[in-house]
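Let me begin by presenting the structure, written as structure tokens, before commenting on it.
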Amino acid sequence: MRVAGIVAEYNPFHNGHAIHIEKTREPNKGCEATHVVAVMSGSFVQRGEPAVMTKFDRAKAALAGGVDLVIELPVPWCLSSAEKFAFGAVSLLGALGCVDYLSFGSEVGEIEPLQKVVTVMQTPRYASLLKYHLGLGISFAEACQKSVAEIAGKKAAAVFDTPNNTLGIEYLKALQTSGSSIKPFTVARHGSSHDSMTPIGNTASASYLRTLLTSDRLLNTLPYMPTGCAAILSAAAEAGHIPADTATFERAVLAQLRQLSLADWQANPSISEGLENRFYTAVRTATSLAELEELTKAKRYPLTRIRRILWSAFLGITDTYTAKQPPYIRVLAANERGKEILSAAKPTLPLLHRASQVSALDERAKQLWQLETLATDLHALTLSVPLPCGADYTTGLIRG
């Protein structure tokens, strides 16, 4: 058995994801995985918004697309920076105790250029340059790139130009800082680039597919998905469970945000440099989420970070959650090979297959579980046909 881990959102699952899995399994090349486990974001995703469909439907689609085991990345790490997102996911793969490789997509398609940047980022000179560039008022991502360029040259720093490379760097950092024995493996991204609105052949970006779904053009998305995944998406759409739309409870979100104190904003995991004042003031003026985003965004603060702050604030997520690794491994879905992974696992964290196991967890884990169920229940209100509360308690292990 050779187990590869993948960090994903599958929002929604498409042909590009299937190609990544195929190349991860490919014999005589790469890591030659026989089994694949995906750490998947739950009800909210790292770009700072509710997932386009429920995590349970996305887990079903993952099995249909070639994944063997799906475990959930808890919501505080989903709504965090790339660094914390990667740390949370990598720590869960490590805690399984049986994962051999971490497979991720990248534009560069090689580990060496990414590892070179990671090495630079661990030097005292880099730390000094980063502090200097941040002091000039530019974004964190731009400051990272400029600092690396001054040490290793523009060619080395060019890996920051594309998002999958940047996230790959964070995976490598997380593996290294955690002392993990998991080996990194990268697959060159195939087809449409990240966030591209132009399909290439039978591949399209998840951003493009979400745009189609929110425009009520479901049939146009289906050619860009594996057949089984398309069937799951179609069934969810027929039931009114796709796409998520925050307009359905936008004023409820604003009402909750207006009740937050300055101290509440300060405790937000993505708040720094006095940003709490900007949000505390803006939420008292804004009459829509779009207006609130407009009032709080700035060149230094990307819109995705602004949105992560808003949804974290709405859910009551504080910086205490992500200070450590997730306290348990929640299994969402498994096929027969997935069960083999679980049998081979030597977990260093509690392994949850059903809600009844939560009672045996410690207080930190129970608190996280309650937050996760809240996120699921609130996500249910974004659907055109809302779902009742309690899906985390009533939905058992999804089997493939």
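Please work out which one of (1) over 23 Å from the mean Cα position of the chain (by Cα); (2) without any contact (Cβ under 8 Å) to a residue 60 or more places away in the chain; (3) farther than 28 Å from Y393 by Cβ is the condition S272 fails and give its number.
Of everything listed in (1) over 23 Å from the mean Cα position of the chain (by Cα); (2) without any contact (Cβ under 8 Å) to a residue 60 or more places away in the chain; (3) farther than 28 Å from Y393 by Cβ, S272 misses just condition (1).
Just for the range 105-147: of the residues that are open to solvent by 80 Å² or more (accessible area, probe 1.4 Å) and in a helix (DSSP H, G or I), which one is nearest to H17 (Cα to Cα)?
E112
For L295, only one of the following conditions fails: (1) of a type outside the set (D, E); (2) closer than 29 Å to G88 by Cα; (3) more than 24 Å from the chain's Cα centre (by Cα). What is its number?
For L295, the exception is condition (2).
Could you check, for the range 148-155, whether at least one of its residues is in contact (Cβ under 8 Å) with a residue 40 or more places away in the chain and either among the acidic types (D, E) or open to solvent by less than 10 Å² (accessible area, probe 1.4 Å) (or both)?
Within the range 148-155, none of the residues are in contact (Cβ under 8 Å) with a residue 40 or more places away in the chain and either among the acidic types (D, E) or open to solvent by less than 10 Å² (accessible area, probe 1.4 Å) (or both).
Which members of the range 267-297 meet the condition of being touching a helix residue (DSSP H, G or I) at 6+ places or on another chain (Cβ under 8 Å), farther than 17 Å from W311 by Cβ and of a type outside the set (V, I, T)?
Selection gives N277, R284.
Consider T214 carefully, then state whether it is open to solvent by 20 Å² or more (accessible area, probe 1.4 Å) and out of contact with any Cys (no Cβ under 9 Å at 6 or more places or on another chain).
yes
State which residue pairs qualify: first residue assigned to a loop (DSSP other than H, G, I, E, B) and inside the range 179-197, second residue open to solvent by 60 Å² or more (accessible area, probe 1.4 Å) and aromatic (F, W, Y) in any location, beta carbons under 9 Å apart, and separation of 6 or more residues or different chains.
Short answer, once both residue conditions are applied: none.
Would you pick out the residues in the range 34-56 that are part of a helix (DSSP H, G or I) and either crowded, with 24+ Cβ neighbours inside 10 Å or among the basic types (K, R) (or both)?
K55
Kindly provide the set of residues from the range 79-92 that are assigned to a helix (DSSP H, G or I) and buried (at least 18 other Cβ atoms within 10 Å of the Cβ), ordered by number.
Of everything in the range 79-92, those that are assigned to a helix (DSSP H, G or I) and buried (at least 18 other Cβ atoms within 10 Å of the Cβ) turn out to be A82, K84, F85, A86, F87, G88, A89, V90, S91, L92.
Look at V358 and say whether it is part of a helix (DSSP H, G or I), closer than 27 Å to V99 by Cα, among the β-branched types (V, I, T) and in contact with a strand residue (DSSP E or B) (Cβ under 9 Å, 6 or more places away or on another chain).
yes
S193 passes all but one of (1) within 17 Å of S106 (Cβ to Cβ); (2) open to solvent by 60 Å² or more (accessible area, probe 1.4 Å); (3) modelled with pLDDT of 95 or more; (4) of a type outside the set (D, E, K, R); which number fails?
For S193, the failing item is (3).
Would you confirm whether or not the range 264-283 contains a residue that is at pLDDT 95 or above, more than 21 Å from E83 (Cβ to Cβ) and aliphatic (A, V, I, L, M)?
Taking every residue of the range 264-283 in turn, at least one turns out to be at pLDDT 95 or above, more than 21 Å from E83 (Cβ to Cβ) and aliphatic (A, V, I, L, M).
Got a number for residues in the range 198-223 being outside any helix (DSSP H, G or I), within 23 Å of E49 (Cβ to Cβ) and not basic (K, R)?
Looking only at that region, the number is 7.
With (1) open to solvent by 60 Å² or more (accessible area, probe 1.4 Å); (2) farther than 30 Å from S205 by Cβ; (3) part of a helix (DSSP H, G or I) as the list, and Q176 as the residue in question, which single condition is left unmet?
Evaluating Q176 over (1) open to solvent by 60 Å² or more (accessible area, probe 1.4 Å); (2) farther than 30 Å from S205 by Cβ; (3) part of a helix (DSSP H, G or I) leaves (2) as the failure.
From the list A95, A62, which one is assigned to a helix (DSSP H, G or I), touching a His at 6+ places or on another chain (Cβ under 9 Å) and open to solvent by less than 10 Å² (accessible area, probe 1.4 Å)?
On inspection, the qualifying residue turns out to be A62.
List pairs: first in the range 226-241 and without any contact (Cβ under 8 Å) to a residue 12 or more places away in the chain, second open to solvent by 30 Å² or more (accessible area, probe 1.4 Å), Cβ under 8 Å, 6+ apart or cross-chain?
Between residues of the range 226-241 that are without any contact (Cβ under 8 Å) to a residue 12 or more places away in the chain and residues that are open to solvent by 30 Å² or more (accessible area, probe 1.4 Å), the close pairs are A230/L222.
For the range 341-400, give me each residue that is of a type in the set (D, E) and open to solvent by less than 50 Å² (accessible area, probe 1.4 Å).
Correct list: E372, D377, D392.
Filter the range 92-111 down to the residues that are under 17 Å from K29 (Cα atoms) and of a type in the set (D, E, K, R) and list them by number.
D100, E110
The values are calculated or read from the model by the stated rules, or taken from the named source; none is laboratory data. Since the model is a prediction, treat every value here as computed from it, not as a measurement. Heads up, the Cβs are rebuilt from the backbone with ideal geometry, glycines too, and the neighbour counts pull from every protein chain shown. For accessibility, only protein heavy atoms count, side chains too; no ligands or nucleic acids. Shrake-Rupley method; radii C 1.70, N 1.55, O 1.52, S 1.80 Å.
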